[in-house]
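Read through the structure below, which is laid out as C-alpha cells, and then see the notes.
The values are calculated or read from the model by the stated rules, or taken from the named source; none is laboratory data. In this text, all values refer to a predicted model and were calculated from it rather than measured experimentally. Neighbour counts are summed over all protein chains in view; Cβ atoms, including those assigned to glycine, are modelled from backbone coordinates with ideal geometry. For accessibility, only protein heavy atoms count, side chains too; no ligands or nucleic acids. Shrake-Rupley method; radii C 1.70, N 1.55, O 1.52, S 1.80 Å.
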Amino acid sequence: DESDYDSYFEDTMKAGHYENRKESVDIMIRNSRDIINDLVKYGVEFEKKDGEFAYTREGAHSRPRILFHEDVTGKEITSKLLAQVKKLENVKMYEYTEMTDVIIEDDKCVGIYAENTILASGGIGGTYQHSTNFPHLTGDAIEIAKKHGIRLEHLDYVQIHPTTLYSKKPGRRFLISESVRGEGAVLYNKNKERFVD
C-alpha cells in the first residue's frame with residue numbers, strides 16, 4: 001500500500017545496485033496490487049493465513065511483501081495464466097516449435113502473419129555448467145535479434161539463484177528458494193564465514 005511505497009522503492013533500487021530504471025520500478029510498485037487482483041481472478045492461489053494473504057521476505061528487502069504458493073510460485077502463476085490463454089480464440093499456440101528466424105516486411109517484424117510479435121523465448125541460463133535453468137535456454141532469440149539489428153539491452157545481467165543443492169551430475173541443479181534467505185538464512189563457506197552480503 002501507499003505507506004510502504006518509499007521503503008519498497010528503496011529496497012528494489014538497492015537490490016538492483018541502483019542501476020534499475022526508476023520509472024520501471026515506480027510502475028511495478030504502483031501496479032502490483034492490480035496485477036495481484038488480476039492473477040487471483042485468473043485462478044492463481046497465493047498462500048493465505050486466517051483468510052488474508054501471507055507474505056514472505058525476498059532477499060535484499062527490509063520487510064515481507066512477497067506472495068507465494070508453497071515453493072512453486074512460478075509454476076502456479078504460469079500454469080494458471082496458460083490455462084487462460086488457451087481459452088482465447090484469437091491466440092494460436094505453437095508448441096515444440098523451434099524459431100530459426102523472424103519475418104521482416106518494410107523494416108518491421110511481422111512474425112507469423114501477425115501484426116505484432118513478442119519474442120518470449122527465454123534467456124541464456126542453460127549455457128552455464130552449473131545452473132538452475134533448463135539446458136535448452138541457450139539465447140537463440142538474442143542471436144536472431146542481433147542479426148536483424150534489434151536493440152538489445154543489459155546482456156550482462158543474467159539472473160542467477162546463488163543457492164542450489166550441490167551435485168556432480170550434469171543437468172539442471174535443484175533450486176533452494178530465495179525466500180530462504182529472505183526469511184533470514186545466511187550463507188557460510190567451509191570455515192563458517194559469511195561470504196555473501
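Once you list every other residue whose beta carbon is under 14 Å from the beta carbon of residue 86, what net charge do they have if Lys and Arg are +1 and Asp and Glu are -1? Write out the running numbers ahead of the final one.
On the way: positive: 80, 87, 92; negative: 89, 95.
Every neighbour counted, the sum reads +1.
What net charge do the residues around residue 128 carry, taking every other residue with its C-beta under 13 Å from that of residue 128, with Lys and Arg at +1 and Asp and Glu at -1?
+2
Could you tally up the Lys pairs in region 1-126 with alpha carbons closer than 24 Å? Skip any pair fewer than 8 positions apart unless they're on separate chains.
Eligible lysine pairs with Cα atoms under 24 Å apart amount to 16.
What's the carbon and sulfur percent of the chain's accessible surface, probe 1.4 angstrom, rounded to a whole number?
52 percent
Taking the Cα atoms only, what angle lies between the long axis of helix 5-15 and the longest principal axis of the chain, rounded to 10 degrees?
With both axes taken from Cα atoms, the answer is about 80 degrees.
In Å, the Kirkwood hydrodynamic radius of the chain over pairs of distinct alpha carbons?
Values: mean 1/r = 0.0496 Å⁻¹.
Result for the chain stands at 20.1 Å.
If you wrap region 43-85's Cα atoms in a convex hull and average its projection over all directions, what's the area in nm²?
Convex hull of Cα atoms, orientation-averaged projection: 3.5 nm².
Step through the residues of region 160-167 one at a time and calculate ³J(HN,Hα) from phi using the Karplus curve (6.51 cos²θ - 1.76 cosθ + 1.60, θ = phi - 60°), rounding each to whole Hz and writing x for Gly and Pro.
10, 9, x, 10, 9, 7, 5, 7
To check my understanding: the extent here is largest minus smallest coordinate of the Cα atoms along each principal axis. What are those three numbers for region 1-53, in Å, largest first?
Cα spread of region 1-53 along its principal axes, largest to smallest: 35, 22, 18 Å.
Once phi is turned into ³J(HN,Hα) by the Karplus curve 6.51 cos²θ - 1.76 cosθ + 1.60 with θ = phi - 60°, what whole-Hz value does each residue of region 174-188 show in order, with x for glycine and proline?
Here the 3J(HN,Hα) series is 6, 7, 9, 3, 4, 5, 4, 6, x, 7, x, 5, 10, 9, 10 Hz.
Can you compute the helix-only [θ] at 222 nm over the chain? Use -39500 (n - 2.57) per DSSP H run of at least 4 residues, normalise by all residues, nearest 500 deg cm²/dmol.
Working: 5 runs with 56 residues, N = 197.
Computed mean residue ellipticity for the chain: -8500 deg cm²/dmol.
Against the longest principal axis of the chain, how steep is helix 22-41, in degrees 0 to 90 to the nearest 10, with axes from Cα atoms?
90 degrees
Short version: ³J(HN,Hα) in whole Hz for each residue of region 71-76, in order, from phi by Karplus 6.51 cos²θ - 1.76 cosθ + 1.60 (θ = phi - 60°), x for Gly and Pro, what are they?
Running phi through 6.51 cos²θ - 1.76 cosθ + 1.60 with θ = phi - 60° gives 10, 9, 4, x, 5, 4 Hz.
Counting Lys +1, Arg +1, Asp -1, Glu -1, what net charge surrounds residue 100 among other residues with beta carbon under 12 Å of its beta carbon?
With Lys, Arg at +1 and Asp, Glu at -1, the net is -3.
Show the residues, 5+ positions off or on another chain, whose built amide H is closer than 5 Å to the amide H of residue 164.
Amide H neighbours of residue 164, under 5 Å, 5+ apart: 176.
Rounded if a/c is under 1.5, else prolate if a/b is larger than b/c, else oblate: which is region 23-138, with a ≥ b ≥ c the root eigenvalues of its Cα gyration tensor?
In terms of gyration-tensor shape, prolate.
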